[in-house]
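Readers should treat all values here as calculations from the given coordinates under stated rules, not as data from a laboratory. The structure displayed is predicted, hence computed values, not measured ones. Because the Cβ atoms are built from the backbone with ideal geometry, glycine has one as well, and the counts that use them run over all protein chains shown.
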Amino acid sequence: MNDQVTKPDEVERRARLATLMQDHRDLDAAIQAMEESGGDQLALSRLKKRKLQLKDEIAEINTALLPDIIA
C-alpha cells in the first residue's frame, strides 16, 4: 500500500472511519442489550466477532491516516 495518503484518499478514509466507528458503537449497544436479556449465545458470539473485525479495520485506517513520527 502507498505510504503517502493523498487528500481525496484521506477524505474517503475519514468518512469510512466515521462509518466504522458508528457501526462499532451500535454493535456495542446491541451486544450489551443481548447480554442483559440473556439472548442467543451463537448470535452474541457472532456480534462480538464482527465488533472485533470492525476494531481491526478502524485501527488499520487510523494507522494509515496518522503520519509516521520518528521520536
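Checking each residue in the stretch 1-47 for being touching a Leu at 6+ places or on another chain (Cβ under 8 Å) and farther than 28 Å from P67 by Cβ picks out L27, A30, I31, M34, E35, L47.
For (1) of a type in the set (A, V, I, L, M, F, W, C); (2) surrounded by 10 or more Cβ atoms within 10 Å (Cβ to Cβ), each residue gets a yes or a no:
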| residue | (1), (2) |
| --- | --- |
| Q32 | no, yes |
| E35 | no, yes |
| G38 | no, no |
| L42 | yes, no |
| R50 | no, yes |
| Q53 | no, yes |
| E57 | no, yes |
| I61 | yes, yes |
| A64 | yes, yes |
